[in-house]
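Student: First the structure, which I've put down as structure tokens, then a few questions once you've had a look.
Every read-out reported here was derived from the displayed coordinates using simple, explicitly stated rules and does not represent laboratory data. Just so it is clear, the model here is predicted, and its values are computed rather than measured. Here Cβ is always computed from backbone atoms with ideal geometry, including for glycine, and neighbour counts include all displayed protein chains.
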Amino acid sequence: MYKSNSLLLSVALLTGLAVAEDRISGVAEVDFTTNKLKIPCVEVKNLNDKLNGKFFDAELQRQDDSLTFVVELTQPEDSATCRQVADFSKFNDDDFVDDSRSQGGGNPANPAGGGKILVVCERRENRSKVSVNGNNLASGAYIAVISSGTNNATSDLKQTVGDEVEFDFDSALDDIASGATAIPTGFIQGQVDAEIRDDSGNVVAVAQSVPCRNK
């Protein structure tokens, strides 16, 4: 039964790779009138090399009167968008404890720090933009350090507001004039790594290999 279901899922996902129209978004939704379950941004893990790490929207059909659902439709979804949605949810969910990604549980190398970090980045033809947000931080001053490829940038010290701190990096002159740390237009080279450090240089939160949206 397990192998059969895995085969059906794999076929559905592979078929979904050719589908361009996006019909599913928002949050997971089950409608007991149509008996359909729609789930956006499903990440594939441990299936096969072609599909692992990719994101799909999925539509499942309820079977009879049970709570068993079978995959009926899959559609490929933008990985950077789905990762941003997942990281935003982890960052803002106070009850979430993450055992695999630092966005939900602070820096694994410094668990005493307990800080949480959210990184959002965007690359355009003539612009690079990175936002680093931290919360669950002790009151004090912090800096953000970001890197992408061989490029690096460090913010000025910023004081927490409550337990939160925010940093902006941008190549746009108007945003730089408004307080963003200046970075080159071509700063973003694929993914971004980021750290939040206290005024003694201790890393209190870290995010690695954050995918950036390309516009």
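Student: Between the DSSP loop rule and a limit of at most 15 other Cβ atoms within 10 Å, which GluC sites (Glu not before Pro) in segment 114-215 are left?
Tutor: Passing both the DSSP loop test and the Cβ count: 125.
Student: If you don't mind, there's one more thing I want to ask. Mind scanning 36/129; 36/215; 38/90; 54/158; 38/129; 50/116 and naming the pairs with a C-alpha gap bigger than 29 Å?
Tutor: From the list (36/129; 36/215; 38/90; 54/158; 38/129; 50/116), the Cα-Cα distance tops 29 Å for 36/129; 36/215; 54/158; 38/129; 50/116.
Student: What is the fewest-to-most order of 71, 85 by other Cβ atoms lying within 10 Å of their Cβ?
Tutor: 85, 71
Student: Quick one: order 68, 33 by neighbouring beta-carbon count within 10 Å, fewest to most.
Tutor: Ranking 68, 33 by Cβ neighbours within 10 Å, fewest first, gives 33, 68.
Student: Related question: Exposure proxy check: 116, 50, 38 ranked by fewest other beta carbons within 10 Å?
Tutor: Placing the least packed residue first, the sequence is 50, 38, 116.
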